[in-house]
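Q: Please see the structure below; I have some questions.
The values are calculated or read from the model by the stated rules, or taken from the named source; none is laboratory data. Note that the structure is predicted; figures quoted are calculated from it, not measured. Please note: Cβ atoms are built from the backbone with ideal geometry, for glycine as well, and neighbour counts cover all protein chains shown. All accessible areas refer to the heavy atoms of the entire protein, side chains included, with ligands and DNA or RNA removed. Shrake-Rupley method; radii C 1.70, N 1.55, O 1.52, S 1.80 Å.
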Amino acid sequence: GAGVSQSPRYKVAKRGQDVALRCDPISGHVSLFWYQQALGQGPEFLTYFQNEAQLDKSGLPSDRFFAERPEGSVSTLKIQRTQQEDSAVYLCATSILPGSYEQYFGPGTRLTVT
Amino acid sequence: QKEVEQNSGPLSVPEGAIASLNCTYSDRGSQSFFWYRQYSGKSPELIMSIYSNGDKEDGRFTAQLNKASQYVSLLIRDSQPSDSATYLCAVNDNDYKLSFGAGTTVTVRA
């Protein structure tokens, strides 16, 4: 497809479970971002990749959150030992160039931790 | 992250009217400014970008930037029911990162 895709679209996890969220970027887009969006709030930055290099992970809330993009294309955000406060929409965004702010978002994964 | 504040909504306007959305930001060094539209249950969609002081028009949308006042706005002319959404202001935080406001929800009454 032409846009950013994410899977799964919805995920329900029991507290303590591990989850993995996938992002398929627009082909050729160098930059990839993960954001967390709570209800009624704007997206909050989690981490940034330029190709396969993770250049910034300052927004990851705890060491339970881990992201990778091993071949510079698909990215996975992993959350270990999920907690209720992890419930949110996780958005992936990509841009064609490094340092380009015109970011294109995927549909998001809504994570609910029960 | 830098602060980005938007006027609290919701904003309700009649069809055909102008909707005016405001955003202020804390970092005087910010250079790039964006408006995203987010329909309920959907992801943000980029609708406007502005980089220099003044106005930028794109169809029914006009973005206005005043760096001295650290203020950026979005005007939606001839508002349509399909414009009903949450509008997010975003400002560059550094060389690659965006900081988003909490959004203003607009409802256009038919």
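Q: Among the listed residues B:S8, B:S12, which satisfies the condition of being in contact (Cβ under 8 Å) with a residue 60 or more places away in the chain, open to solvent by 10 Å² or more (accessible area, probe 1.4 Å), more than 25 Å from A:Q50 (Cβ to Cβ) and not in a loop (DSSP other than H, G, I, E, B)? Give the derivation first.
A: Details: B:S8 fails: not in a loop (DSSP other than H, G, I, E, B).
B:S12 is the lone residue from the list that is in contact (Cβ under 8 Å) with a residue 60 or more places away in the chain, open to solvent by 10 Å² or more (accessible area, probe 1.4 Å), more than 25 Å from A:Q50 (Cβ to Cβ) and not in a loop (DSSP other than H, G, I, E, B).
Q: Further question on the same structure: In region B:94-109, which residues are in contact (Cβ under 8 Å) with a residue 12 or more places away in the chain, over 15 Å from B:Y25 (Cα atoms), open to solvent by 40 Å² or more (accessible area, probe 1.4 Å) and not polar (S, T, N, Q)?
A: B:R109
Q: For B:V91, are the conditions met, namely being open to solvent by less than 20 Å² (accessible area, probe 1.4 Å), of a type outside the set (G, A, S) and more than 12 Å from the chain's Cα centre (by Cα)? Step through it out loud before you land on a result.
A: Values: open to solvent by less than 20 Å² (accessible area, probe 1.4 Å): yes; of a type outside the set (G, A, S): yes; more than 12 Å from the chain's Cα centre (by Cα): no.
Criteria not met by B:V91.
Q: Every residue in region B:1-24 that is within 14 Å of chain A (Cβ to nearest Cβ) and under 21 Å from B:P81 (Cα atoms), please.
A: B:N7, B:S8, B:G9, B:P10, B:L21
Q: Oh, and also: Test each condition in (1) β-branched (V, I, T); (2) within 14 Å of chain A (Cβ to nearest Cβ); (3) out of contact with any Cys (no Cβ under 6 Å at 6 or more places or on another chain) for B:I76 and report the one that comes out false.
A: Every condition holds for B:I76 apart from (2).
Q: I need a count of the residues in region A:20-37 that are surrounded by fewer than 19 Cβ atoms within 10 Å (Cβ to Cβ), at pLDDT 95 or above and either among the charged types (D, E, K, R) or over 14 Å from A:E68 (Cβ atoms) (or both).
A: 2
Okay, residues lined up against (1) assigned to a loop (DSSP other than H, G, I, E, B); (2) touching a strand residue (DSSP E or B) at 6+ places or on another chain (Cβ under 9 Å); (3) within 9 Å of another protein chain (Cβ to nearest Cβ); (4) open to solvent by less than 60 Å² (accessible area, probe 1.4 Å):
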position	(1), (2), (3), (4)
A:Q41	yes, yes, yes, no
A:T47	no, yes, no, yes
A:S73	yes, yes, no, yes
A:L77	no, yes, no, yes
A:T82	yes, yes, no, yes
A:L97	yes, yes, no, no
A:T112	no, yes, no, yes
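Q: So which residues in region A:57-71 are closer than 20 Å to A:T114 by Cα and either surrounded by 16 or more Cβ atoms within 10 Å (Cβ to Cβ) or in contact (Cβ under 8 Å) with a residue 40 or more places away in the chain (or both)?
A: Filtering region A:57-71 down to residues closer than 20 Å to A:T114 by Cα leaves A:61-62, A:64-65.
Correct list: A:F65 only.
Q: Hey, A:C92 hits all of (1) surrounded by fewer than 14 Cβ atoms within 10 Å (Cβ to Cβ); (2) touching a residue at least 60 places away in the same chain (Cβ under 8 Å) but one; which does it fall short on?
A: Every condition holds for A:C92 apart from (1).
Q: Do you know which of the residues in region B:79-88 that are more than 14 Å from every other protein chain (Cβ to nearest Cβ) and of a type outside the set (S, T, Y) is surrounded by the most Cβ atoms within 10 Å (Cβ to Cβ)? So that I can check it myself, show each step before the final result.
A: Within region B:79-88, the subset more than 14 Å from every other protein chain (Cβ to nearest Cβ) is B:79-84.
Now narrow it down to the ones that are of a type outside the set (S, T, Y): B:80-81, B:83.
Numbers: B:Q80: 12, B:P81: 10, B:D83: 18.
Here the answer is B:D83.
Q: While we're here: Which residue is least open to solvent (accessible area, probe 1.4 Å), if the candidates are limited to region A:1-19 and must be at pLDDT 95 or above, of a type outside the set (K, R) and part of a loop (DSSP other than H, G, I, E, B)? Break it down stepwise before answering.
A: If we filter region A:1-19 for residues that are at pLDDT 95 or above, which is where we start, we get A:4-19.
Filter once more, so that each one left must be of a type outside the set (K, R): A:4-8, A:10, A:12-13, A:16-19.
Okay, now just the ones that are also part of a loop (DSSP other than H, G, I, E, B), so A:4, A:8, A:16-18.
Details: A:V4: 18, A:P8: 49, A:G16: 41, A:Q17: 84, A:D18: 102 Å².
In this case the residue turns out to be A:V4.
Q: Right, here's the next one. Considering (1) open to solvent by less than 30 Å² (accessible area, probe 1.4 Å); (2) more than 13 Å from the chain's Cα centre (by Cα); (3) away from chain A (no Cβ under 13 Å), say which one B:S30 fails and leave the rest.
A: For B:S30, the failing item is (3).
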